[in-house]
Amino acid sequence: MKNLHTEVIAHRGLSGLYPENTMSAFKAAAKLEIDGIEMDVQLTKDKVPVIIHDATLGRTTEGQGMVCDHTLKQIKSYSAGAWYSEKYRQERVPTLEEVFLWAQGFTFKLNLELKGSAKQREELWKNVKQLIDKYEMRERIFISSFDHVLIANIIKEDPTIETAIIVISGMYKPLSYIQSIGTKSFHYFYPLMIKEDVDPLIQAGIDVRSYTINEAEMIESAFQLGIQGIFTDYPHIALKIKDDMLKEE
Ligand code: G3P
Ligand code: MG
């Protein structure tokens with residue numbers, strides 16, 4: 001399979017081996033030949049974009065309650081790694097600004113998945129955009145979200161920024177839906193679409209990526225679809241599989 005172009009994107013960093021969405025997970029991913037790192041972005045109470053997946057602190061930090069009800073200072077006081085292993089007790093929830101500063105030395109893309117609530121969507125985007133401009137990250141990032149209103153709004157405001165919608169359901173007539181939003185990329189939940197669903201999107205020029213693909217067999221099947229990219233918690237395994245497939249006659 002010599003024309004395998006599918007990108008390998010480290011989902012929440014190298015989250016299969018490190019605490020997700022932490023600098024350890026990002027730094028470990030950056031040591032691999034990855035194409036990108038995906039991370040989840042939300043606002044703190046004092047409106048700072050931070051990198052954390054859940055709306056609540058409980059699963060991945062030693063804090064409790066909603067992320068949006070805590071200031072950055074409060075969130076930084078909690079370990080974001082001890083839940084995973086004592087070895088990572090020093091980890092803290094990174095800010096997007098810290099990630100941008102660190103990422104300056106690299107060339108891979110950052111996929112900023114905007115989380116949070118509909119009430120916060122404008123403020124979240126305003127503050128994320130400010131950082132993208134400040135650190136000149138426009139060419140290095142693509143924005144995605146389950147909040148398709150937010151994605152449509154971003155495109156209206158700035159059609160040149162790279163965006164994607166994320167879906168978790170099987171889609172009826174996905175192409176016309178994607179086109180109605182105006183994005184060029186589509187991130188889907190792997191089990192809910194098959195080749196026959198995906199092919200017309202690829203043929204229409206949509207960048208199709210799939211999440212979250214961790215099993216070796218599934219990774220290989222996903223590569224065979226010829227999609228734009230896969231999100232995986234085990235990018236080192238995906239890269240090895242890709243390498244082996246490229247060597248095949
Ligand atoms: O962006 C792909 C994937 O990360 C979406 O789901 O819940 O892992 O953020 P989730
Ligand atoms: Mg995500």
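A few points about this structure:
- Residue in segment 185-205 that is within 24 Å of LEU96 (Cβ to Cβ) and open to solvent by 20 Å² or more (accessible area, probe 1.4 Å) present: no
- Residue in segment 144-155 that is in contact (Cβ under 8 Å) with a residue 40 or more places away in the chain and either open to solvent by less than 30 Å² (accessible area, probe 1.4 Å) or not in a helix (DSSP H, G or I) (or both) present: yes
- Selection within segment 3-13 - in contact with a Lys or Arg (Cβ under 9 Å, 6 or more places away or on another chain) and either of a type in the set (D, E, K, R) or open to solvent by less than 10 Å² (accessible area, probe 1.4 Å) (or both): THR6, GLU7, VAL8, ILE9, GLY13
- Across segment 25-55, the qualifying residues are those that are surrounded by fewer than 24 Cβ atoms within 10 Å (Cβ to Cβ), within 15 Å of ligand 2 (Cβ to nearest atom) and acidic (Asp, Glu), and the one among them that is nearest to ILE166 (Cα to Cα) is ASP40.
- Meets criteria (over 19 Å from ALA164 (Cβ atoms), open to solvent by 50 Å² or more (accessible area, probe 1.4 Å) and away from ligand 2 (no atom under 16 Å from the Cβ)) for TYR135: no
- Inclusion of VAL93 among residues that are within 16 Å of ligand 2 (Cβ to nearest atom), among the β-branched types (Val, Ile, Thr) and over 14 Å from the mean Cα position of the chain (by Cα) is warranted.
- Figure legend. Inter-residue proximity from segment 49-69: first residues at positive phi, second residues β-branched (Val, Ile, Thr) and open to solvent by 50 Å² or more (accessible area, probe 1.4 Å), beta-carbon distance below 8 Å, spacing 6+ or different chains. Indicated pairs: GLY65/THR56.
- Hey, SER180 surrounded by fewer than 16 Cβ atoms within 10 Å (Cβ to Cβ), within 13 Å of ligand 1 (Cβ to nearest atom) and over 30 Å from LEU32 (Cα atoms) or not: no
- Residue within segment 114-123 that is of a type outside the set (Phe, Trp, Tyr), free of Cβ contacts under 8 Å to residues at least 40 places away in the same chain, open to solvent by less than 10 Å² (accessible area, probe 1.4 Å) and within 16 Å of ligand 1 (Cβ to nearest atom) present: no
- When segment 185-213 is filtered for residues that are free of Cβ contacts under 8 Å to residues at least 24 places away in the same chain and closer than 16 Å to VAL8 by Cβ, the ones remaining, listed by number, are VAL208, SER210.
- Matching entry among ASP147, ASP199 (being out of contact with any His (no Cβ under 7 Å at 6 or more places or on another chain), of a type in the set (D, E, K, R) and away from ligand 2 (no atom under 16 Å from the Cβ)): ASP199
The values are calculated or read from the model by the stated rules, or taken from the named source; none is laboratory data. As the structure is a computational prediction, the values presented were derived from the model and not from experiment. Using ideal geometry, Cβ is built from the backbone for each residue, glycine included, and neighbour counts are taken over all protein chains shown. Accessible surface is based on the protein model in full, side chains and every heavy atom, while ligands, DNA and RNA are left aside. Shrake-Rupley method; radii C 1.70, N 1.55, O 1.52, S 1.80 Å.
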